[in-house]
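Data block below; observations after.
The values are calculated or read from the model by the stated rules, or taken from the named source; none is laboratory data. No experiment lies behind these values; they were computed from the predicted model shown. Cβ coordinates were reconstructed from backbone atoms using ideal geometry, including for glycine residues, and neighbour counts include every protein chain displayed. Note: accessible area is taken over every heavy atom of the protein model, side chains too, but ligands, DNA and RNA are not part of it. Shrake-Rupley method; radii C 1.70, N 1.55, O 1.52, S 1.80 Å.
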Amino acid sequence: MKKISLLLFLIFSYVFGDVTLFKDKVSNGRCFLLKSNESGYVAFSAKRYKFFPTVLDNSHAYYALVPVNYYAKPHLDKLIAVTFENGQKRYKTFRVKIIDGKYKSEKLRVNPKKAHFSKEAKIRIAREYKEAQKIYNDITPNALWSKSFIFPLDTKITSPFGTKRLFNGSLKSYHSGTDFRAKMGTPIISANDGQVVLVKNRFFAGNSVLVNYGQGIYLGYFHMSHFLVKKGDFVKQGQVLGLSGATGRVTGPHLHLGAKVWGVQVDPIQLIHLLNQI
Ligand SMILES: [Zn+2]
C-alpha cells in the first residue's frame, strides 16, 4: 500500500510537477524562464541558477532565469530543476532547444590598421571589462524591484540586440544591447527600482550608468552626455539617471541599453518582456 501511494505520488508530481518552463525553445543571447512553488535551483550547462522569490504576484512562488550565451550554437540540451520540499530534493528534467537567433549581419570593411587600438587603450578596455564583470557577477539575492519593468525611453529602436558584426568577412563581435533613438539631452529613466553601482566614462560605452536590480539582473545605460545619479544611489522606477549623448565609440547620440543576467549578456527587450510575465 505504501509502495502504491509512493508510486502515485511520483506520477502525480511528474505529471503535475510544480515547476513550469515557460518556453522550451530559446535563441542564443536570450533567457529561459521557470517558475516553481518551492525554492531550489536550475542546473544548466554545468552552472546553477537559483530560484528567487517572485515579486510581481502574491503567489509566494519562485522564478529562475537561465541565460543562454550569444555564442552558443543551436543544439538540444536539458534543464534540471532541483527543488526542496520539506527537506526533500525533487528533480524535474526539461528537454530544451537552443535555436539560432537569426540575427542580421552588418558587414564592416575596415583598414586592419585602423582596427588596432593603442597600448593604453587596450589596457583601459581590459581594465573596464574586468571591473564591469566583477559587478555583474555579484548577485544580490533580494529583488530591488517590485513592479513590472518599463523601457528607459519611449522611442523607436534604431538597432536591435544581436546584430552580427563581420569585420572583413569574419564574425568579430555583435551588437551587445538595444539602441533607442534619443536626440542629445533626452532624459533616460530607470526601468525599475534599483541601486546605481557604476557611474563612469568608459572607452566603448562612454558615460555609463549601471543599475543593479537584484537577483542577478543588471541594466546598463550608455553614451550619456550628463549624469544625474551617483554610485550607491537607490533609484526609483522612472527616475532620471542622466541625459542621452554621444560619448564613447559612437557615430551619433542615442541610448544603448545593455542587460546582464548572472553575468551573461542578454537581449534586454526579451528580458523585460520575460520579467513582466512572472
Ligand atoms: Zn548600441
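Here the 3J(HN,Hα) profile of region 42-47, calculated from phi with Karplus coefficients 6.51, -1.76 and 1.60 at θ = phi - 60°, is 10, 9, 8, 6, 6, 10 Hz, Gly and Pro shown as x.
Residues whose amide H lies under 5 Å from that of Lys50, counting only those 5 or more places away or on a different chain, are Val42; hydrogens are built 1.01 Å from N in the peptide plane.
Once a ≥ b ≥ c are taken as the square roots of the eigenvalues of the Cα gyration tensor of region 38-158, is the result rounded (a/c under 1.5), prolate (a/b larger than b/c) or oblate (a/b not larger than b/c)? Cα axes put region 38-158 in the prolate bin.
Taking Lys and Arg as +1 and Asp and Glu as -1, the other residues whose beta-carbon sits under 10 Å from that of Tyr70 total +1. Here the Karplus relation 6.51 cos²θ - 1.76 cosθ + 1.60, evaluated at θ = phi - 60°, turns the backbone of region 157-164 into coupling constants of 7, 9, 8, x, 5, x, 4, 6 Hz, with x for every Gly and Pro. A crude spin-label estimate for the pair Lys47 and His60, with each label 7 Å from Cα along the Cβ direction, gives 3.1 nm.
So, R0 is 22 Å and r is the distance between the beta-carbons of Phe234 and Ile135; what FRET efficiency does that work out to, to 0.05?
On the way: r = 16 Å, r/R0 = 0.73.
The formula returns an efficiency of 0.85 here.
Taken as entire DSSP H runs, the helices of the chain that both span 15 Å or more between Cα atoms along their own long axis and average 1.0 or more on the Kyte-Doolittle scale are 2-15. Element breakdown for region 163-251 at a 1.4 angstrom probe: carbon and sulfur atoms account for 55% of the accessible area. Each other residue within a Cβ distance under 13 Å of Val197 adds +1 if Lys or Arg and -1 if Asp or Glu, for a net charge of +2.
In this structure, the amide hydrogen of Ser159, modeled 1.01 Å from its nitrogen in the peptide plane, lies closer than 5 angstrom to those of Asp179, counting only residues at least 5 positions away or on a different chain. Rolling a 1.4 Å probe over the protein heavy atoms gives region 105-275 an accessible area of 49 Å² per residue.
Once the gyration tensor of the Cα atoms in the chain is diagonalised, the equivalent ellipsoid follows with semi-axes of 38, 22, 16 Å, ordered largest first. Each principal axis of the Cα cloud of region 155-234 was taken in turn, and the coordinate range along them, longest first, works out to 44, 31, 23 Å. Residues whose amide H comes within less than 5 Å of that of Gly248, counting only those at least five positions distant or on another chain, are Gly206, Asn207 (H built at 1.01 Å from N in the peptide plane).
Farthest towards the positive end of the charge dipole of the chain, among the residues Ile278, Val197, Phe117, is the Cα of Phe117, using unit charges on the Cβ of Lys, Arg, Asp and Glu. In a simple Cβ point-charge model (Lys, Arg +1; Asp, Glu -1; nothing else charged), the chain has a dipole of about 1140 debye relative to its Cα centre. Hey, for a label at Asp100 modelled as a point 7 Å past Cα toward Cβ, could you say which residues of region 52-91 have their backbone N under 15 Å away? Correct set: 71-76.
Taking only DSSP H segments of four or more residues, each worth -39500 (n - 2.57), what value at 222 nm results for the chain once the sum is divided by all its residues, to the nearest 500 deg cm²/dmol? Before the final figure, lay out the partial values.
Details: 3 runs with 40 residues, N = 278.
Mean residue ellipticity at 222 nm (helix-derived): -4500 deg cm²/dmol.
Karplus-based coupling profile of region 85-91, in residue order and whole Hz: 10, 6, x, 9, 7, 10, 10, with θ = phi - 60° in 6.51 cos²θ - 1.76 cosθ + 1.60 and x standing for Gly or Pro.
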